[in-house]
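Below: the structure, in structure tokens.
The values are calculated or read from the model by the stated rules, or taken from the named source; none is laboratory data. Note that the structure is a prediction, hence the values are computed from the model and not measured. Ideal geometry is used to build each Cβ from the backbone, glycine not excepted, and the neighbour counts take in all protein chains shown. These area figures cover heavy atoms from the full protein model, side chains too; ligands, DNA and RNA do not enter into them. Shrake-Rupley method; radii C 1.70, N 1.55, O 1.52, S 1.80 Å.
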Amino acid sequence: MENKKELRSWLDAFGLDHPLVIAGPCSAETEEQVLKIAHQLKDTDTTVLRAGIWKPRTRPGNFEGVGALGLKWLQKAKEETGLLTTTEVANANHVDLALQHDIDILWVGARTTVSPFIVQEIADALKGTDKTVLIKNPVNPDLALWLGAVERFYTADVKNLGVIHRGFSTYEKTKYRNNPEWQIPIDLKNKFPDLPLILDPSHIAGRRDIIFDLCQTALDLNYDGLMVETHYDPDNAWSDAAQQITPARLDQMTVDLRIRKKDTEAMEFKNMLNTLRTQIDVVDDKIVELMGKRMKIADEIGVIKKENNVAILQNKRWNEILGRMIQDGELHNLSEEFMLKIYKAIHQESINHQKKIING
Ligand code: PEP
Ligand code: MN
């Protein structure tokens, strides 16, 4: 994975002056649907038409895709509109069929990236082709598994690669269908700055009203592209209805999004500053979220202290925490003075919380 230019060349070959846009329905439903959406997207910034043919569903009984039949519809859409095409492949047989139907870009789904055996099978099936493969993050927040999948393709001599950030599943429900965990793709981007990184806001959001903000954050973080689920009648889509947007909305979004161009040196500085600031915002959000979690646990401790009539302040425990955190701080290059200040403040907030519970 050393040859940096090589990793970007498939994307640079498009010669776009804006991030790559991949759009289209979650699932190919009928030939008419695929063709109608393709024609609507032709007049937007879209370069690649997406449509799922084989749909991995978490629970059985939902629409599982039209199968190989849909590949012909994508081929026809490409002939009629000039859009490139992409679909998800989840085994070697899917790869063979997609190659036979001249699908331009293949993507590996989040439920496939978690399985090294299947990733290897797909990589082997593609050996020696110059297909572009986009690898979605695994469903669980594991950077190594994501990188491992990229390496399996690279080692199988599939060099036209990119990654898609589609969020990570959590047991607890959040406002997202899949938690973005921006830090993970940021870490990946820092490791391989030239590996094209594409946002799939649709599967992160699970609902259409927050798609725009997710896309803007991605552009502020210098992502290379967007993959947005798009349908002319989103509410009646056969899968993922709540998160799809219309081609008209996509078109408006690409006008409203602030895209950071990299032309002058001053712009380059501003871009860099902006990217780093967005990274700081991501980390700050995480810090507040974690502090909130910590206080919730302190509240629970408050409840059991009240039930058992135990004093709030436990000096021995507090000194242990402080000692451990000062040591941890040292490992992360944080001074003792800073750790003391921060932890005294956190501890005071915990005490205030518990006081409220015990006196309340
Ligand atoms: C999809 O893109 O429709 C899809 C199934 O994605 P994921 O693998 O991210 O769930
Ligand atoms: Mn979908």
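Condition check: out of contact with any strand residue (DSSP E or B) (no Cβ under 6 Å at 6 or more places or on another chain), open to solvent by 50 Å² or more (accessible area, probe 1.4 Å) and closer than 25 Å to L226 by Cβ. Does D130 satisfy that?
Answer is yes for this residue.
Taking I326, is it part of a helix (DSSP H, G or I), in contact (Cβ under 8 Å) with a residue 12 or more places away in the chain and more than 28 Å from W182 (Cα to Cα)? Write out each step before concluding.
On the way: part of a helix (DSSP H, G or I): yes; in contact (Cβ under 8 Å) with a residue 12 or more places away in the chain: yes; more than 28 Å from W182 (Cα to Cα): no.
Here the answer is no, as I326 does not meet what is asked.
Restricting attention to the range 133-172, and to residues there that are closer than 22 Å to A98 by Cα and of a type in the set (F, W, Y), which single residue is least open to solvent (accessible area, probe 1.4 Å)?
Per the criteria, the residue is F153.
Residues being closer than 14 Å to A241 by Cα and open to solvent by less than 10 Å² (accessible area, probe 1.4 Å): count how many of those fall in the range 13-50.
First, the residues of the range 13-50 that are closer than 14 Å to A241 by Cα: 24-29.
Then drop every residue that is not open to solvent by less than 10 Å² (accessible area, probe 1.4 Å), which leaves 24-28.
Qualifying residue count, the range 13-50: 5.
Looking at the structure I just gave you, is Q244 in contact with a Cys (Cβ under 7 Å, 6 or more places away or on another chain) and either away from ligand 2 (no atom under 16 Å from the Cβ) or in contact (Cβ under 8 Å) with a residue 60 or more places away in the chain (or both)? Let's see the steps before the verdict.
Details: in contact with a Cys (Cβ under 7 Å, 6 or more places away or on another chain): yes; either away from ligand 2 (no atom under 16 Å from the Cβ) or in contact (Cβ under 8 Å) with a residue 60 or more places away in the chain (or both): yes.
So Q244 passes the test.
Quick check, is E289 open to solvent by 80 Å² or more (accessible area, probe 1.4 Å), modelled with pLDDT of 90 or more and either at positive phi or not polar (S, T, N, Q) (or both)?
Numbers: open to solvent by 80 Å² or more (accessible area, probe 1.4 Å): yes; modelled with pLDDT of 90 or more: yes; either at positive phi or not polar (S, T, N, Q) (or both): yes.
Taking the combined requirement at face value, the residue satisfies it.
Looking only at residues in the range 197-208 that are surrounded by 19 or more Cβ atoms within 10 Å (Cβ to Cβ) and either away from ligand 2 (no atom under 16 Å from the Cβ) or of a type in the set (D, E, K, R) (or both), which one is farthest from the chain's Cα centre (by Cα)?
We begin by selecting, within the range 197-208, every residue surrounded by 19 or more Cβ atoms within 10 Å (Cβ to Cβ); these are 197-205, 208.
Applying the additional criterion that residues be either away from ligand 2 (no atom under 16 Å from the Cβ) or of a type in the set (D, E, K, R) (or both) yields 197, 200, 208.
On the way: L197: 9, D200: 6, R208: 16 Å.
Only one residue fits best here, namely R208.
Please go through (1) surrounded by 11 or more Cβ atoms within 10 Å (Cβ to Cβ); (2) within 36 Å of the chain's Cα centre (by Cα) for I358 and return the number of the only condition it doesn't satisfy.
Tallying (1) surrounded by 11 or more Cβ atoms within 10 Å (Cβ to Cβ); (2) within 36 Å of the chain's Cα centre (by Cα), I358 fails exactly one: (2).
Looking at (1) crowded, with 17+ Cβ neighbours inside 10 Å; (2) outside any loop (DSSP other than H, G, I, E, B), find the lone condition where R177 falls short.
(2)
Looking at the range 54-77 only, could you name the residues that are touching a strand residue (DSSP E or B) at 6+ places or on another chain (Cβ under 9 Å), touching a residue at least 40 places away in the same chain (Cβ under 8 Å) and away from ligand 1 (no atom under 15 Å from the Cβ)?
A77
Tell me, please, whether a residue that is within 16 Å of ligand 1 (Cβ to nearest atom), aliphatic (A, V, I, L, M) and free of Cβ contacts under 8 Å to residues at least 24 places away in the same chain can be found in the range 222-240.
No.
Of the conditions (1) within 16 Å of ligand 2 (Cβ to nearest atom); (2) open to solvent by 20 Å² or more (accessible area, probe 1.4 Å); (3) closer than 22 Å to A13 by Cα, W107 fails just one. Which one is it?
(2) is the only condition that W107 fails.
Which residue pairs have Cβ atoms under 6 Å apart, sit 6 or more places apart or on different chains, and have a first residue in the range 165-176 that is aliphatic (A, V, I, L, M) and a second that is open to solvent by 50 Å² or more (accessible area, probe 1.4 Å) and away from ligand 1 (no atom under 16 Å from the Cβ)?
none
Residues in the range 183-196: is at least one within 11 Å of the chain's Cα centre (by Cα) and either under 17 Å from S9 (Cα atoms) or assigned to a loop (DSSP other than H, G, I, E, B) (or both)?
First pass over the range 183-196, keeping only residues within 11 Å of the chain's Cα centre (by Cα): 183-186.
Remaining after also requiring either under 17 Å from S9 (Cα atoms) or assigned to a loop (DSSP other than H, G, I, E, B) (or both): none.
Among the residues of the range 183-196, not one is within 11 Å of the chain's Cα centre (by Cα) and either under 17 Å from S9 (Cα atoms) or assigned to a loop (DSSP other than H, G, I, E, B) (or both), which makes the answer no.
Restricting the search to the range 215-261, which residues are of a type in the set (S, T, N, Q) and either surrounded by 18 or more Cβ atoms within 10 Å (Cβ to Cβ) or within 30 Å of L161 (Cβ to Cβ) (or both)? Explain how you work it out, then say what you get.
Step one: of the range 215-261, the residues of a type in the set (S, T, N, Q) are 216-217, 222, 230, 236, 239, 243-244, 246, 252, 254.
Of everything in the range 215-261, those that are of a type in the set (S, T, N, Q) and either surrounded by 18 or more Cβ atoms within 10 Å (Cβ to Cβ) or within 30 Å of L161 (Cβ to Cβ) (or both) turn out to be Q216, T217, N222, T230, S239, Q243, Q244, T254.
So K191 passes all but one of these: (1) open to solvent by 10 Å² or more (accessible area, probe 1.4 Å); (2) at pLDDT 90 or above. Which condition number does it fail?
Looking at each condition in turn, K191 falls short on (2).
Could you list all residues from the range 209-223 that are in contact with a Lys or Arg (Cβ under 8 Å, 6 or more places away or on another chain) and within 16 Å of ligand 2 (Cβ to nearest atom)?
Scanning the range 209-223 gives a single hit, I210.
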